[in-house]
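Inspection log for the structure reproduced underneath, given as C-alpha cells.
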Amino acid sequence: MSLKDEIIKKAYIKSYKIENSMLKYFITITTKCLVDDGKQRYVYIDENRFRDELRYYKYYGNMDRNTNFLNASIPLILSNNSIEKSTDNVYNLMFKYASFMKCGAYRYGLAAVIYNEVIHAIIEDKGISYEDIFSIIKSKIIEFNPSVDKSETVKFQMYRIGIISSIDNYIKGETDEKRDPVIDLFNVLYDIYVEERECCDDGMKSIKNTIMSILDTEEYENNDGFIESMGDYLIKIKNYKLNKKFYGMEANPLGLINLSEGEEFNDPILNRIRILSKTMDGSILNIKIGSKSGEYNFRFMKKA
C-alpha cells in the first residue's frame, strides 16, 4: 500500500472514532454504495443501493438532526482521485442525505463541495496555511453553480453570499457559533489551525479526527476488524481494483418480519444475517439481527 493510500485509510478509520451511531451508520452506508469506474477514472454512488440502504435505515437507525452528518461524505471524497469529477457527486450525495433527514439539503450539499476541496488540498500539501485553505474555499464557492429548484434559488444565492462573507471573517480570526454545516466545518478548521477548542458535536469531532489524521504522522490504533476491513475495501475502490457491479435489486426490510428466530438468510442489503431475537414491546416488533458488520435492532410498528 502506498504512503498516500495509508494516509487515506487512516483518515477513513479515524472518522469512526465517535460515539454517535447515526453518523457511523451513514459512513458505512456510503462506503457500501461506492462504485469504481476504471474507464472514466472516478468513483460514484450506486443510487439504487443508496435508496435501499436508507429504506432499511428507517427501521434500525435514529434521526438525530442535531448532529452534523457531513462526514457521511468522507468515503466518497477519499476514494476519488479527481476533485473535478467528484464535486457534483459529493454535492448530490449530501443533498440526498439531508433531504432524507429533512434538514438544509442545499446547505449540506455546498458543505460537501467545500469539504471535498479541503480534504484534497490537505492531502496534497500538509503544510498548506489556514489562509490558503480559505482562499481555495472562496474560489470554489464563487465558481460552483449547482442545479437548484427555482423556489430555492434566491435562498441559495443569499446563503452563498453569507458564506463568502463568513470566509473573510474567519481569515481575520473571527468565528461564528451558529449551527450550520458549512460554519461547523469552518469552526473545525479554526480549531485545528488557530485555537484548540472543545468540539460540541460528534459530527464535528468526526471531521476533526479525519483532518487531524491526515496532518498527523503518528501510527493509528484500531481494534475494530470490520472498520479495518472497510478501510481496505475503500482503498481497493479508490484504485479501481473491484470493478464493482451495479446493485440490481429492490430490497424490502418488511420481509425480515417473516423470518424466524435463529434463522439465517442472505439479505441483499445486510448480506448474511441471523435473526438473534424477536420480541414484542406493546405495538412494536423488535428484531435483533446479527451480521458481519455488527448487530442491528429493527423496529416495526404493528398495524392496527
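The numbers here are math on the coordinates, done by the rules we state, and not lab data. Here the structure is a predicted model, which means the values were calculated and not measured. Glycine gets a Cβ as well: all are built from the backbone with ideal geometry, and neighbour counts include every protein chain shown.
Run the simple label-point estimate for Lys39 and Met158 please: 7 Å along Cα→C-beta, distance reported in nm.
Placing both labels 7 Å along Cα→Cβ, they lie 4.6 nm apart.
Counting other beta carbons within 10 Å of each Cβ, put Lys155, Lys138 in order, fewest first. Kindly include the intermediate steps, with their values, before the conclusion.
Details: Lys155 13, Lys138 16.
By the 10 Å Cβ count, ascending: Lys155, Lys138.
Only loop residues by DSSP count here, and only those with at most 14 other Cβ atoms within 10 Å; note down the chymotrypsin sites (Phe, Trp or Tyr not before Pro) in the stretch 236-304 that meet that. Display every interim value, and only then the final one.
Details: sites: Tyr240, Phe246, Tyr247, Phe265, Tyr296, Phe298, Phe300; in loops: Tyr240, Phe246, Tyr247.
Within the stretch 236-304, the qualifying chymotrypsin sites (Phe, Trp or Tyr not before Pro) (loop, at most 14 other Cβ atoms within 10 Å) are Phe246.
Could you work out Rg/(2.2 N^0.38 Å) for the stretch 253-301, with Rg from alpha carbons only?
Values: Rg = 10.1 Å, N = 49, 2.2 N^0.38 = 9.7 Å.
That ratio works out to 1.05.
Cα centroid distance between the stretch 181-204 and the stretch 1-66, in Å?
With the stretch 181-204 and the stretch 1-66 each reduced to a Cα centre, they are spaced 22 Å.
Express in nm, to one decimal, how much length is gained between Asn266 and Leu215 on full extension, taking 0.36 nm for each residue of separation and deducting their alpha carbon distance.
Numbers: separation 51, 0.36 × 51 = 18.36 nm, distance 4.08 nm.
Using 0.36 nm per residue and subtracting the Cα-Cα distance, I get 14.3 nm.
About the Cα centre of the stretch 112-236, what is the dipole size in debye to 20, counting +1 per Lys and Arg Cβ and -1 per Asp and Glu Cβ, all else neutral?
My answer is approximately 720 debye.
If I model the stretch 224-272 as equal point scatterers sitting on the Cα atoms and use the Debye formula, what is log10 I(q)/I(0) at q = 0.16 Å⁻¹?
Per q value, in the given order, log10 I(q)/I(0) is -0.70.
Of all GluC sites (Glu not before Pro) in the stretch 234-299, which ones are in loop regions per DSSP and have a Cβ with at most 15 other Cβ atoms within 10 Å?
Passing sites in the stretch 234-299 are Glu250, Glu261, Glu263.
Listed here are the pairs Lys9/Lys138; Lys9/Lys126; Lys58/Lys288; Lys4/Lys140; which of them are more than 18 Å apart at the Cα?
Working: Lys9/Lys138 28 Å; Lys9/Lys126 16 Å; Lys58/Lys288 15 Å; Lys4/Lys140 24 Å.
Lys9/Lys138; Lys4/Lys140, as the Cα separations exceed 18 Å there.
Taking amide H atoms as placed 1.01 Å from N in the peptide plane, list the residues 5 or more away in sequence, or in a different chain, whose amide H sits under 5 Å from that of Asp267.
Residues meeting the amide H criterion: Arg272, Ile273.
Say the dipole of the chain comes from +1 at the beta carbon of Lys and Arg and -1 at that of Asp and Glu; which of Gly290, Ile114, Val90 then lies farthest toward its positive end?
The residue sitting farthest along the positive end of the dipole is Gly290.
Pop the C-beta distance of Arg51 and Ile136 into the FRET formula with R0 = 30 Å and round what comes out to the nearest 0.05. Walk me through the intermediate numbers first.
Details: r = 33 Å, r/R0 = 1.10.
So, using R0 = 30 Å, E works out to roughly 0.35.
Could you pull out the trypsin sites (Lys or Arg not before Pro) across the stretch 168-222 that fall in loop regions by DSSP (anything but H, G, I, E, B) with no more than 15 other Cβ atoms inside 10 Å? Mind showing how you got there, number by number?
On the way: sites: Lys172, Lys178, Arg179, Arg197, Lys205, Lys208; in loops: Lys172, Lys178, Arg179, Arg197.
Answer in residue order: Lys172, Lys178, Arg179, Arg197.
If the viscosity is 0.890 mPa s and the temperature 25 °C, what Stokes-Einstein diffusion coefficient in µm²/s follows for the chain when Rh is the Kirkwood radius over Cα pairs? Write down the numbers at each step before the final one.
Details: Rh = 20.3 Å.
Diffusion coefficient, whole number: 121 µm²/s.
Using a Förster distance of 25 angstrom, determine the FRET efficiency expected from the C-beta separation of Asn169 and Lys126, and round it to 0.05. Numbers along the way, then the final one.
Values: r = 25 Å, r/R0 = 1.02.
Rounded to the nearest 0.05, the efficiency is 0.45.
Quick one: order Ser260, Ser291, Ser139 by neighbouring beta-carbon count within 10 Å, fewest to most. Before the final figure, lay out each step's value.
Working: Ser260 8, Ser291 16, Ser139 11.
The fewest-first ordering by Cβ neighbours comes to Ser260, Ser139, Ser291.
Counting other beta carbons within 10 Å of each Cβ, put Cys103, Cys199 in order, fewest first.
Cys103, Cys199
So which DSSP H runs in the chain come out at 24 Å plus along the axis (Cα) with average Kyte-Doolittle of at least -0.5? Show your work: numbers first, answer last.
Working: long enough: 83-101 (27 Å, -0.16); 105-124 (29 Å, 0.74); 150-171 (32 Å, -0.05).
Helices meeting the span and hydropathy rule in the chain are 83-101, 105-124, 150-171.
Please list, by residue number, everything in the stretch 32-47 whose backbone N is under 13 Å from a paramagnetic label point 7 Å out along Cα→Cβ of Ser99.
Zone members listed by number: 47.
Dividing the alpha-carbon radius of gyration of the stretch 142-196 by 2.2 N^0.38 Å (N being the number of residues), what value is obtained?
On the way: Rg = 13.0 Å, N = 55, 2.2 N^0.38 = 10.1 Å.
That works out to 1.29 for the stretch 142-196.
Just to verify a number: FRET efficiency for Lys4 and Asp281, C-beta to C-beta distance, R0 = 41 Å, to 0.05?
Working: r = 49 Å, r/R0 = 1.19.
After rounding, the FRET efficiency stands at 0.25.
Which far-off residues, 5 or more places away or on another chain, put their amide H under 5 Å from the one on Tyr42, with H placed in the peptide plane?
For Tyr42, the qualifying residues are Asp37.
Would you mind calculating the gained length between Cys200 and Asp232 on full extension (0.36 nm times residue separation, minus the Cα-Cα distance), in nm to one decimal?
Details: separation 32, 0.36 × 32 = 11.52 nm, distance 3.04 nm.
In short, 8.5 nm is gained.
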